[in-house]
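See structure below.
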Amino acid sequence: MQKRLQALGRLKAGTMNQTEAAYCQMLELRKRAGEIAWYRFEGIKLRLADNTFYTPDFAVMLSSGELELHEVKGMWTDDARVKTKVAADQYPIRIIAVTPKPKKAGGGWKVEEF
């Protein structure tokens, strides 16, 4: 069952999927509005354990200078949620996870902070 829900293949590192591209557009609007000073797709890689890493989708610097990591998910897998929680426990950086809200529900993003 889970296999059917996953994409047929992974995109090459550094390539955004449709959900990440939509979120990137929103980040760009926030940058133009002055809320964000800088952002980069897959710009940071954190070591969680030997041979275990977490690469958040976006590193985001707010205009205040505060750094956040943003994780964009169409749907969560158990592995992704565990890695995100472990990273939040090990590093003093706010991690924001977003999932798209259905258009029927008005669209936008559901935000969860780790």
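The values are calculated or read from the model by the stated rules, or taken from the named source; none is laboratory data. Predicted, not measured: the structure shown is a model, and the values here were computed from it. Cβ: placed from backbone, ideal geometry, glycine included. Neighbour counts: every protein chain shown.
Would you be able to tell me the number of residues in the range 87-114 that are in contact (Cβ under 8 Å) with a residue 24 or more places away in the chain, over 20 Å from GLY34 (Cβ atoms), assigned to a strand (DSSP E or B) and not hydroxyl-bearing (Ser, Thr, Tyr)?
If we filter the range 87-114 for residues that are in contact (Cβ under 8 Å) with a residue 24 or more places away in the chain, which is where we start, we get 87-88, 90-91, 93-100, 109, 114.
So of that shortlist, the ones also over 20 Å from GLY34 (Cβ atoms) come out as 87-88, 90-91, 93, 95, 97-100, 114.
Subset that is assigned to a strand (DSSP E or B): 95, 97-100.
Those left that are additionally not hydroxyl-bearing (Ser, Thr, Tyr): 95, 97-98, 100.
Going through the range 87-114 one residue at a time, the tally reaches 4.
Could you please find all residues in the range 31-71 being polar (S, T, N, Q) and surrounded by 13 or more Cβ atoms within 10 Å (Cβ to Cβ)?
Of all residues in the range 31-71, those polar (S, T, N, Q) come to 51-52, 55, 63-64.
Hits for the range 31-71 are THR55, SER63.
Could you list, in sequence order, the residues of the range 4-57 that are modelled with pLDDT of 95 or more, over 12 Å from the mean Cα position of the chain (by Cα) and among the charged types (D, E, K, R)?
GLU28, ARG30, LYS31, ARG32, GLU35, LYS45, ARG47, ASP50
Could you list, in sequence order, all residues of the range 70-81 that are closer than 26 Å to ILE36 by Cα and assigned to a helix (DSSP H, G or I)?
The answer is ALA80, ARG81.
Can you tell me which residue in the range 10-61 is nearest to VAL86 (Cα to Cα), limited to those that are outside any strand (DSSP E or B) and among the small types (Gly, Ala, Ser)? Talk me through it step by step, then tell me what you get.
Quick first cut of the range 10-61, residues outside any strand (DSSP E or B) only: 10-35, 42-45, 50-51, 55-57.
From what is left, the residues that are among the small types (Gly, Ala, Ser) are 13-14, 21-22, 33-34, 43.
On the way: ALA13: 22, GLY14: 23, ALA21: 26, ALA22: 26, ALA33: 32, GLY34: 31, GLY43: 19 Å.
Among those that are outside any strand (DSSP E or B) and among the small types (Gly, Ala, Ser), it is GLY43.
Picking from ALA80, ALA97, ALA87, which residue would you name as being in contact with a Leu (Cβ under 7 Å, 6 or more places away or on another chain), within 21 Å of GLY14 (Cα to Cα) and not charged (D, E, K, R)? Please lay out each step first, then the result.
Working: ALA80 fails: in contact with a Leu (Cβ under 7 Å, 6 or more places away or on another chain); ALA97 fails: in contact with a Leu (Cβ under 7 Å, 6 or more places away or on another chain).
It is ALA87.
Let me spell it out: the conditions are (1) free of Cβ contacts under 8 Å to residues at least 12 places away in the same chain; (2) assigned to a helix (DSSP H, G or I), and THR84 meets all of them except one. Which number is the exception?
If we test THR84 against (1) free of Cβ contacts under 8 Å to residues at least 12 places away in the same chain; (2) assigned to a helix (DSSP H, G or I), just (1) comes out false.
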